[in-house]
1. Divide by every residue of the chain the summed helix terms, -39500 (n - 2.57) for each DSSP H run of at least 4, and state the resulting mean residue ellipticity at 222 nm, rounded to the nearest 500 deg cm²/dmol.
2. Please give the charge dipole size of the range 172-317, origin at the Cα centre, charges +1 on K and R Cβ atoms and -1 on D and E Cβ atoms. Round to the nearest 20 debye.
3. Grab the other residues whose beta carbon is less than 12 angstrom from that of THR248, score K and R as +1, D and E as -1, and report the net.
4. Please state the charge dipole magnitude for the chain, taken about the Cα centre, from unit charges on C-beta atoms (+1 on K and R, -1 on D and E), reported in debye and rounded to the nearest 20.
5. Each residue of the range 113-123 in order: what ³J(HN,Hα) in whole Hz does its phi give by Karplus 6.51 cos²θ - 1.76 cosθ + 1.60, θ = phi - 60°, with x for Gly and Pro?
6. Taking the Cα-to-Cβ direction at VAL331 and at ALA12 and moving 7 Å from each Cα, how far apart do the two end points lie in nm?
7. Are there GluC sites (Glu not before Pro) in the range 1-85 that DSSP marks as loop and that have at most 15 other Cβ atoms within 10 Å, and which are they?
8. Most exposed first by the Cβ proxy, i.e. fewest other Cβ within 10 Å, how do LYS369, LYS91 rank?
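Read-outs: derived from the displayed coordinates by stated rules, not from any lab. Computed from a predicted structure; not experimentally measured. Neighbour counts run over all protein chains shown; Cβ positions are idealised from the backbone, glycine included.
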Amino acid sequence: MPERTIYLDHAATTALDPRVLDAMIPYLTSEYGNASSIYSLGRHAMQAIDHSREEVAEILNCRPTELAFVGCGSESDNLAIKGIAFASQKKGNHIITTPIEHHAVLHTCQYLERFGFKITYLPVDEYGRVDPDDVQRAITDQTILVSVMYANNEVGTIEPIAEIGKICRARKIPFHVDAVQAGGALPIDLATLNVDLLSLSAHKFYGPKGMGILYARQGMRLLPQLQGGSQERGRRAGTENVAGIVGTATALRLAYESLDEVTPRIQALRDRLIEGVLTIPHSRLSGHPTDRLPNNASFCFEGVEGESILLNLDLRGIAASTGSACTSGSVDPSHVLIAMGYPLEWARGSMRFTLGKANTAEEIEIIIKLLPGVIEKVRELGM
Ligand code: PLP
């Protein structure tokens, strides 16, 4: 076993920040009350939730009442899309999205097709970018929702959210943004972005796993997807995960407090990694060259399987990711790269390195030194 792990898969998840854990511990131990109980132990729990909601609202520049704490980013996407779709059936049945969304959005849209909803998948360019004019053209009098991600989880491309939001606002169509990869990494100001619904996930910004946030602008009618109690203003039944909520708000605050310090450092390491890796023959950067998440370096290597590279790196203690999905033994190339027009020989050889605040220049140099040999070996063996 390698002595240490070089972790370069922060888009998959991040380690809990010890300061977040400290903030959560009281609510996992002594402050164990149910926030619905009226005695003081319960009131303490409710106060912690209220305080956390206010903290998140201040960071995102929205009203606390517009925020619901939910069980993960996927649940937030589900609640936004199904919630709007089922509440708007009398208005129409048409939803616009992109083929490069996370499966939490794509599979939700596919599910809605069973109920008679029609889905338009907008084209994307070679960098994975949506053209706002295509949104304009796709809108019909039946359109009830547009859902476009803030930044792509595989290739890191940032979408023109503000422009798309402007179009949706002018046409009075709710606009949902899956900002799971952007949360804690890019500034989000809900007072100026023309966004009506926005999804976040705490474990992507050094918060706890199993916690998400849904922002739904005041006046958005959403059909709840969990029936039961009236928690989260009736939007999400279930006893609140108080420790998770406190951890989520703390993590979001810490992420935005350190954004100006962390971003240039991560971006410089990312740029060095890109420069080093692109010296490998038959390699290319995937995603937009400049409009991309500051921590994302994703590549395609012609004629190799991303999984083989991944396993070889794992043997050397390096954790990264490929865009491909392993389904019942066969490896499907990434739906994102296919939508971006990559031929199969390139799409199969995708690798994503996503940096975090603890990565060092020394670690990046190790990757740059190691990767060419790994790719050469994999190519030689025809893996
Ligand atoms: N949306 C995007 C863009 C993601 O990257 C992810 C997770 O990787 C999700 C949604 C789902 O978030 P969660 O893991 O919290 O369910």
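1. Working: 12 runs with 150 residues, N = 383.
Calculated mean residue ellipticity at 222 nm is -12500 deg cm²/dmol.
2. My answer is approximately 480 debye.
3. Net of charged neighbours comes to +1.
4. Working: 36 positive and 45 negative charges, 230 e Å.
For this selection, approximately 1100 debye.
5. 4, 5, 9, x, 6, 10, 10, 9, 9, 5, x
6. 1.4 nm
7. Counting only loop positions with at most 15 other Cβ atoms within 10 Å, the GluC sites (Glu not before Pro) in the range 1-85 are GLU3.
8. Values: LYS369 10, LYS91 14.
Least to most surrounded, the residues fall as LYS369, LYS91.
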